[in-house]
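Below is one structure; the comments refer to it alone.
The values are calculated or read from the model by the stated rules, or taken from the named source; none is laboratory data. Remember, it's a predicted structure, so these values are computed and weren't measured experimentally. So basically every Cβ, Gly included, is an ideal-geometry build from the backbone, and we count neighbours across all protein chains shown.
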Amino acid sequence: MKHLFNIGLFTAALFAVGSVHAAGHGAAPAKPADGKAPAGWNQNLSDEESEQYQAMNLPTSRENGIEVYEVCSACHLTEGWGMTDGTFPQLAGQHRSVLVKQLADIRALNRDNPTMYPFAKKESIGGVQEMADVTEYIAKLPMNPNNGVGAGDNLAHGEKLYKDNCVKCHGENGEGMADKYYPRIHGQHYKYMLRQFEWIRDGKRRNANPDMVKQIKGFSDADMAAVIDYVSRVKPPKEMVAESPDWQNPDYD
Ligand code: HEC
Ligand code: HEC
């Protein structure tokens, strides 16, 4: 039964992936279902009525987290490591606050993700309790030791750009800031980050922090590649990374 469910899900996921690239470029951004303007950055994070706030403040169940994550693993993999080619980001080890915010933004159509949207909806995974449980589970998964990196041909320039433009939010080593919802970006796949960085720079990722947009608006494509290449090579703390690239998540068989 479980097995059949997975195959069906995976087929659905593959279909969805086929359409993401077509939908991702040049298509009009989806409007929130209730017709309201998109919330932009950080509107609901301290609003006690919001999903984000509630999910961050509920007690969590690891067992339920494992169950909910099964759907997610069709794309993000059971290890939460995503894909080097950038199709799916690594989620393992990300700050829980960031996972909650991004998931809530995707559900609310405040961040366009047509591939994932059907699987992220309340009807598919449930409400705030499921959001709380699944994000708590993901945040504790060990990270991929072999994340995708760039060409390695402009790293000194990338390092300088990083120090001058990114440290104040993403930290000295790309560790981000949990309490401010700034993502951990070390250990993330280069190609995924390049796409997000470009979308943030060009205003396509609508939930982006406006101060980041300002900070990077003068970046050329070469600057962008250099700085992302640099940070993709910064190693997360050892205790957060899996011992081996062959590690398999024992919670799924
Ligand atoms: C059908 C494939 C698919 C499924 C299933 C899926 N995702 Fe995703 N997810 C994606 C894609 C693709 C992206 C990146 C979108 C982009 O490039 O903007 C993403 C991005 C994310 C992000 C943002 C990561 C970041 O670094 O900002 C989070 C968080 C996330 N997914 C969590 C989940 C959770 C939790 C589930 C299960 C409830 C799930 N996803 C199920 C495809 C999927
Ligand atoms: C003012 C704070 C700030 C600055 C400066 C900043 N960022 Fe960000 N960055 C953020 C926030 C906040 C997000 C998440 C935005 C969201 O919720 O959509 C983000 C998202 C990202 C992402 C996407 C991560 C993901 O998991 O999807 C990348 C890559 C990134 N930043 C790289 C950089 C780099 C490289 C620099 C320097 C050139 C930089 N940022 C400067 C705050 C900042």
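Which members of the stretch 176-208 meet the condition of being away from ligand 1 (no atom under 12 Å from the Cβ), buried (at least 16 other Cβ atoms within 10 Å of the Cβ) and part of a loop (DSSP other than H, G, I, E, B)? Lay out the reasoning, then the answer.
First pass over the stretch 176-208, keeping only residues away from ligand 1 (no atom under 12 Å from the Cβ): 177-180, 186, 190, 201-203.
Checking the rest, the ones that are also buried (at least 16 other Cβ atoms within 10 Å of the Cβ) come to 177, 186, 190, 201.
The one that is away from ligand 1 (no atom under 12 Å from the Cβ), buried (at least 16 other Cβ atoms within 10 Å of the Cβ) and part of a loop (DSSP other than H, G, I, E, B): HIS186.
Which condition number does ALA120 fail, the rest of (1) more than 9 Å from ligand 1 (Cβ to nearest atom); (2) assigned by TED's automatic domain parsing to the domain that holds THR60 being met?
(1)
Working only within the stretch 104-127, note down all residues that are closer than 18 Å to ASN44 by Cα and either at pLDDT 95 or above or polar (S, T, N, Q) (or both).
Answer for the stretch 104-127, where residues must be closer than 18 Å to ASN44 by Cα and either at pLDDT 95 or above or polar (S, T, N, Q) (or both): just ASN110.
Return the residue satisfying two criteria in turn: it lies in the stretch 210-249 and is of a type in the set (A, V, I, L, M, F, W, C) and in a loop (DSSP other than H, G, I, E, B), and of such residues it is farthest from LYS140 (Cα to Cα).
So, considering only residues that are of a type in the set (A, V, I, L, M, F, W, C) and in a loop (DSSP other than H, G, I, E, B), the one farthest from LYS140 (Cα to Cα) is PHE219.
Quick check on the stretch 152-175. Is at least one of its residues within 12 Å of ligand 1 (Cβ to nearest atom), assigned to a loop (DSSP other than H, G, I, E, B) and buried (at least 16 other Cβ atoms within 10 Å of the Cβ)?
No, the stretch 152-175 contains no residue that is within 12 Å of ligand 1 (Cβ to nearest atom), assigned to a loop (DSSP other than H, G, I, E, B) and buried (at least 16 other Cβ atoms within 10 Å of the Cβ).
Only one of ILE216, ILE185 is more than 30 Å from ALA242 (Cβ to Cβ), of a type in the set (A, V, I, L, M, F, W, C), near ligand 2 (Cβ under 6 Å from one of its atoms) and not assigned by TED's automatic domain parsing to the domain that holds LEU103; which?
Exactly one of ILE216, ILE185 is more than 30 Å from ALA242 (Cβ to Cβ), of a type in the set (A, V, I, L, M, F, W, C), near ligand 2 (Cβ under 6 Å from one of its atoms) and not assigned by TED's automatic domain parsing to the domain that holds LEU103, namely ILE216.
Which one of these is under 23 Å from ALA108 (Cα atoms) and away from ligand 2 (no atom under 11 Å from the Cβ): ALA208, ALA156, ALA178, ALA242?
ALA178
Condition check: in contact with a His (Cβ under 6 Å, 6 or more places away or on another chain), away from ligand 2 (no atom under 13 Å from the Cβ) and of a type in the set (Val, Ile, Thr). Does THR135 satisfy that?
Judged against the criteria, THR135 is not a match.
So which residues in the stretch 88-117 are within 8 Å of ligand 1 (Cβ to nearest atom) and part of a loop (DSSP other than H, G, I, E, B), if there are any at all?
PHE88, PRO89, GLN90, LEU91, GLN94, ARG111, ASP112, ASN113, THR115, MET116
For THR135, which of the numbered conditions (1) assigned to a loop (DSSP other than H, G, I, E, B); (2) within 16 Å of ligand 1 (Cβ to nearest atom); (3) touching a residue at least 12 places away in the same chain (Cβ under 8 Å) fails to hold?
Of the numbered conditions (1) assigned to a loop (DSSP other than H, G, I, E, B); (2) within 16 Å of ligand 1 (Cβ to nearest atom); (3) touching a residue at least 12 places away in the same chain (Cβ under 8 Å), the odd one out for THR135 is (1).
I'd like to verify a number: residues in the stretch 85-107 that are crowded, with 20+ Cβ neighbours inside 10 Å and either closer than 18 Å to LYS191 by Cα or out of contact with any helix residue (DSSP H, G or I) (no Cβ under 8 Å at 6 or more places or on another chain) (or both), how many?
8
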